[in-house]
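Shown next, in structure tokens, is the structure this report addresses.
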Amino acid sequence: MARSRASALAVACCVAAAAGAAPAEPRGPQIDDSQPIQLEAGPSSFDYKNNRLVFPNVRITQGGLAIEADEGVATGLDFKESNWLFTGHVRITVPDGSMQSDEARISFVANLIAIVDVSGTPARFEQKREKSVARGRATHIIYQPGPGTVRLVEDAWLSDGSNDISGKTLVYSIREQRVVASPDEQGNGRIRITINPKKPEPKTNP
């Protein structure tokens with residue numbers, strides 16, 4: 001019972017520590033029908049029979065969205081419904097942040113990114129906030145633009161610029177700019193919070 005209470009207290013501290021700036025609506029990596037999709041790649045191969053398209057040194061852009069990787073393999077070019085596997089130096093850039101990983105699986109549904117599933121050693125993400133930058137890393141990161149959540153799994157670490165939070169699994173809400181560290185997802189591990197001292201503001205001469 002004491003351990004459960006301690007975990008619950010840790011969760012509350014995590015939420016408070018990450019709340020810093022006022023909540024803002026996320027600008028997630030979404031495909032916009034009003035803007036063209038640009039795809040650049042090296043010499044590519046198209047196997048339409050097996051729905052396999054291979055693009056080396058691929059770069060996909062649309063508005064503020066950019067996806068880059070050493071290779072991209074897709075089930076089709078129709079972003080209304082297709083699945084992509086990006087491998088090698090994967091970087092996903094959006095207006096308010098970015099993700100970096102060794103591998104990324106991205107599903108497009110109805111011209112929207114439904115889910116981004118990345119892995120690496122580690123995979124990383126960051127989100128620009130009003131007065132700071134939230135950064136995180138883990139072996140596995142799952143981003144869902146719909147609910148606006150980033151789930152960090154295995155060796156998860158998150159910083160809001162002042163405080164560091166680590167655990168087996170952390171869930172970061174982009175909309176609310178809060179962290180959820182459920183005790184049920186920590187296994188035998190523990191949540192750790194490092195609250196760094198604030199630097200004194202420089203004195204100004206009268």
Trypsin sites (Lys or Arg not before Pro) restricted to region 85-160 and DSSP loop, no more than 12 other C-beta within 10 Å: K131
Size of region 75-119 as Cα extents on the principal axes (Å, biggest first): 24, 23, 14
For region 34-140, alpha-carbon Rg over 2.2 N^0.38 Å: 1.09
Sites E126 and F46, calculated FRET efficiency, Cβ-Cβ separation with R0 30 Å, nearest 0.05: 0.30
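Readers should treat all values here as calculations from the given coordinates under stated rules, not as data from a laboratory. Because the structure is predicted, anything quoted here is derived from the model rather than measured. Using ideal geometry, Cβ is built from the backbone for each residue, glycine included, and neighbour counts are taken over all protein chains shown.
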